[in-house]
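**Student:** Have a look at this one before I ask anything.
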Amino acid sequence: MKVHSTSPMVVVANRLPFRLGTDPKTGKLIRLQCAGGLVTAVAPVVVETQGLWVGWSGLHLEDNNVEIPEADPNDQTPTAGLKSSQVIPVTVHKKLFDDYYNGCCNATFWPLFHSMPDRALFQADKWEAYREVNAEFARLTVMAVQRLSETHPGSVPLVWLHDYHMMLAANTIREKCDELNLPIKMAFFLHIPFPSWDIVRLFPWDDELLQGILGCDSIGFHIEDYCLNFIDCCQRRLGCRVDRQQMLVEHNSRTVTINPLPISIPYDRFVELAEKAPQVVKNNPHEQLLLGVDRLDYTKGLVHRIKAFETLLNKHPELIERVTFLQVAVPSRTDVKEYQELKEELDQMIGRINGQFSTPNWSPIRYIYGCVSQDQLAAFYRDSSVAVVTPLRDGMNLVAKEFVACQTGEPGVLILSPFAGAGSSMHEALHVNPYETNEFADTIYRALTMPKDERELRMKHLRRREREFDVNFWLRSFLKTVDCLSDEEKSAALGRLLPMREEDFTEFLGSYVTESSRLALLMDYDGTLAPIAPHPDLAEMPAETRRVLERLAHMPDVNIAIISGRSMANVRSMVGIEGITYAGNHGFEILHPDGTLFMHPVPHEYEVQLEALKKRLEEICVEGSWVENKGTGIAFHYREVPGEKVTSLTAEAQKVFKEVGIPIHESQCAFEARPPVTWDKGSAAIYILRTLFGLDWCDRVSTIFAGDDKTDEDAMRSLQGMAVTFRVTRSQNLRTAAMHRLPSTDAVLSMLKWIERRLGSRLPHVNGVRSRTASMSSNGNRSPPHSPTTPHCRSRTNSRSEPSKQMMLINDKLYHQYIAKLASPARSASRSPPQSPTRSTM
Ligand code: ADQ
């Protein structure tokens, strides 16, 4: 049955659906066919929807505007109807393409995703080439979408990215189409396995990779296992909210659906081929053929298979002259050394076995190194007694399915590796672990000697399943995931994760924050508690957030600190809640509720430079920009500057910073000057925790940190393994040290509410008065400010009063000396953050 799509389709794959070659007679470009499952299934939909196909032609064309030849009038293949105007060839410089294709796709992703990390190379320059080539594919895809918006006004094109070559293109396409106001749907399908988190985390840029894939709306893998591996990685590496049941991942406020879509074959076409194909010539009428058909690749387990066959002949000499192993191997990646070595190894093995067992009329192994025609292939499938499909790892494996479809005569037996995706659904095959040579040989023997009724029964079930779930079924299932089905099988409502709710935090914090926890809540202000506003004065905390925060501030054993880039006085007046710690200027000034003030000293020379910088920046200000004086720092804001003026203004500002000799710290639409000392929000967070709870704070306190800014990453890194950290972000591609991502300040509010509910059974102290600060200078307090069982009740210093009472001016060295002097209080129950987000780096 033909499949229709309601949207015109742009297929983006490494290769076009045909190769370009040169006609030896005319010297002109011609189309050469490459018939694979993907082309057979997808090309007709592109033809029918008048869509487009973006891909590499197989030739390094000098000219970007080369004319793609039309199909030969006698062409019967699935791409015959694809006009040259529907093809967008990607031309990339040969060296760059080689770095992307061989250097990254084949040398890194292919082995890694097949769970063979020892073979994988991780090279920054090849990854950079991958980025570049993906950007070029993205550029041409946007062009394709633009073209479709003209030819199909009102339609929403469906961009379908294929395979491990295209994992970084989605976000670029999305951003550009958003900019141009071009609505699209975007999907990705991976043809190879998606490995477990243990493997994915080996890739040094795993976060970028995962976010690249998440740029799509619908992501397809062959089988459920790969989907769950991917979901697991999104949760553990990116801290995304996920729903395993519905297979949903939330990223940047978008819900991405993850779909098991087992690819298949054009079943009827193979049946037709098998019915017409000529008979395979055998040595004698009783000879049984054992068949292997693969690309010559180390994942396909050819060496293991031949070893098992050798073992079989040693165990069962009666099979000599009665069984022939026919191995067809398509040359693949022949310019790569590893593949050349594999070929040599196979040649030698086959030579040795044939030398050992051959008789004048018979050789045990027939080896075809090359492509065979579809007719020939169908004949091999049909006339073989046993197909041995035993990859060490394989996304799906179509050969197993093609063999089954072609079993139109005497039923044969399929031997299948459980490490192929096909293994999870083709239950009636004989499953064998290719690494267990003895058992492998025994399984081949069992297949060769299986009674006809059992063969018939097994093959009948296998064929029925493949006939029903053929490649059109796969395509229809895919279109359903993107709501593009036009026939009666209209899709059910697409899954969506509900907006983040309080309950969701049970997963993040449930085991870490209990009713009896002593809690430290460290948060940034702008973009975390208060939504970002055009001007800092307008960034107000929502009333509800203020109320919850106030109530939390009055709870026993809850300590709150706001660590902001604003000046301390400013953030204090914006929040205006008593009983909490305020850290301003990225932690350079810290005011505790009891009035203790910490100020990190700054060099005099810097103060002079800062004054000069302030003056010069004020001089270059245009409408919409302004200079914020933060005491130990300044911020040059340009958020409100009209778009066309931003580039020249920021360039000018950068020049001023450079001339004055102060490095720029970039924050959200602002350039900041900060004191040239190694003190950041991370050091400040640790300082606050140590001051409040003593040296062993980590053992006794459950700490939560939330922030939205680059500067908050310092705290997330410093607190790694000692706190649960959240990054508020909507960015499509962001590297973070945080354990979890939150989409908005609303989600932060939900978190605060969850905490309030969790700790709700605690009674607030009378008049909200209780102590939560260990004043380090006043009493040299060596014990923690309060223990889990007996909270201290000391009267609180009015934090609204001027913070002059206990001022400490210390530098890094003094600070560390001070910390070293603090006695370590008795250890109590260890409090480490929950396990889930384990990270390899950062
Ligand atoms: P491949 O690794 O190429 O595909 P596979 O699924 O087995 O593996 O497909 C091979 C195709 O090549 C089959 O259609 C087969 O007929 C054809 N073929 C093999 N040998 C041939 C020969 N000598 N002559 C002519 N044709 C030959 C990747 C993944 C797989 C996944 C597919 C589809 O690695 O796991 O099943 O994509 O998603």
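**Student:** D72 to C371: FRET efficiency via 1/(1 + (r/R0)^6), r the Cβ-Cβ distance, R0 25 Å, to the nearest 0.05?
**Tutor:** 0.85
**Student:** Rounded to the nearest 0.05, what FRET efficiency is calculated for Q245 and D198 with R0 set to 30 Å and r the Cβ-Cβ distance?
**Tutor:** E between Q245 and D198, to the nearest 0.05, is 0.85.
**Student:** Using Cα pairs closer than 8 Å and at least 6 residues apart in sequence, work out the relative contact order for the chain, in percent.
**Tutor:** Worked out over the chain, it gives 11 percent.
**Student:** Now a separate question. Normalised by the empirical 2.2 N^0.38 Å for globular proteins, what value does the Cα Rg of segment 66-203 take?
**Tutor:** Cα-based Rg divided by the globular estimate yields 1.21.
**Student:** Any idea how far apart N181 and H604 come out in nm if each label point goes 7 Å out from Cα toward Cβ?
**Tutor:** 6.0 nm
**Student:** Can I ask one more? Please work out, to two decimal places, the log10 of the ratio I(q)/I(0) at q = 0.17, 0.18, 0.25 Å⁻¹ from a Debye calculation in which every Cα of segment 134-229 carries one identical scatterer.
**Tutor:** Reported log10 I(q)/I(0), two decimals: -0.74, -0.81, -1.31.
**Student:** For the chain, go through all pairs of different Cα atoms, get the mean of 1/r, take its inverse, and jot down that Kirkwood value in Å.
**Tutor:** 30.9 Å
**Student:** Of K615/K710; K614/K655; K460/K480; K645/K681; K126/K658; K126/K681, which pairs sit farther than 25 Å apart, going by alpha carbon to alpha carbon?
**Tutor:** K615/K710; K460/K480; K645/K681; K126/K658; K126/K681
**Student:** Give me L342, L326 sorted ascending by neighbouring Cβ count inside 10 Å, so fewest comes first.
**Tutor:** Final ranking by Cβ density, sparse to dense: L326, L342.
**Student:** Expressed as a fraction of 2.2 N^0.38 Å, the rule-of-thumb size for a compact globular protein of N residues, what is the C-alpha radius of gyration of segment 256-347?
**Tutor:** 1.44
**Student:** To continue, here is another question. Divide, for segment 253-296, the radius of gyration over alpha carbons by 2.2 N^0.38 Å, where N is the residue count.
**Tutor:** The reported ratio for this selection is 2.11.
**Student:** Under the Kirkwood approximation for Rh and a Cα-based Rg, what ratio Rg/Rh is obtained for segment 225-384?
**Tutor:** 1.14
**Student:** First select every other residue whose beta carbon is under 14 angstrom from the beta carbon of V646; then total the charges, Lys and Arg +1, Asp and Glu -1.
**Tutor:** Surrounding charge for V646 is -3.
**Student:** Divide the volume of the convex hull of the Cα atoms of segment 337-386 by its number of residues and quote the answer in cubic angstrom per residue.
**Tutor:** Dividing the Cα hull volume of segment 337-386 by its residue count gives 112 Å³.
**Student:** Right, next: Can you work out ³J(HN,Hα) from phi for every residue in segment 528-538, in order, using Karplus 6.51 cos²θ - 1.76 cosθ + 1.60 and θ = phi - 60°, giving whole Hz and x for Gly and Pro?
**Tutor:** Going residue by residue, I get 10, 8, 10, x, 4, 10, x, 9, x, 5, 8 Hz, with x marking Gly and Pro.
**Student:** Same structure again: In what order do I184, I219, I560 fall by count of nearby beta-carbon atoms within 10 Å, going from fewest to most?
**Tutor:** I184, I560, I219
**Student:** Based on the Cβ-Cβ distance of K28 and K282, what FRET efficiency does E = 1/(1 + (r/R0)^6) give at R0 = 51 Å, to the nearest 0.05?
**Tutor:** Result of the calculation: an efficiency of 0.75.
**Student:** Quick one: Kirkwood hydrodynamic radius for segment 1-104, alpha-carbon pairs, angstrom, one decimal?
**Tutor:** 14.5 Å
**Student:** I've got another one for you. Across segment 247-395, how many lysine pairs separated by 8 or more positions, or lying on different chains, have Cα atoms within less than 22 Å?
**Tutor:** 4
**Student:** Further question on the same structure: As a test of the formula, what do you get for the chain when each DSSP H run with n ≥ 4 contributes -39,500 (n - 2.57) and the sum is divided by the residue count, at 222 nm and rounded to the nearest 500 deg cm²/dmol?
**Tutor:** After summing the helix terms and dividing by the residues of the chain, the value is -11000 deg cm²/dmol.
**Student:** Under a crude label model (7 Å from the Cα following the beta-carbon direction), how far is Q146 from K95 in nanometres?
**Tutor:** For Q146 paired with K95, the spin-label model returns 2.9 nm.
**Student:** Further question: Wrap a convex hull around the Cα atoms of segment 150-288, take a quarter of its surface area, and give that in square nanometres.
**Tutor:** With every direction weighted equally, the projected area is 14.2 nm².
**Student:** Along its three principal axes, how long is segment 652-762 when you only count alpha carbons? Whole Å, largest extent first please.
**Tutor:** Result for segment 652-762: principal-axis Cα extents of 57, 35, 21 Å.
Computed from the coordinates by the stated procedures, all read-outs in this text should not be read as laboratory data. All values reported here derive from a predicted model rather than from experimental measurement. Quick reminder, even Gly has a Cβ in these numbers, built from the backbone with ideal geometry, and neighbours come from all protein chains shown.
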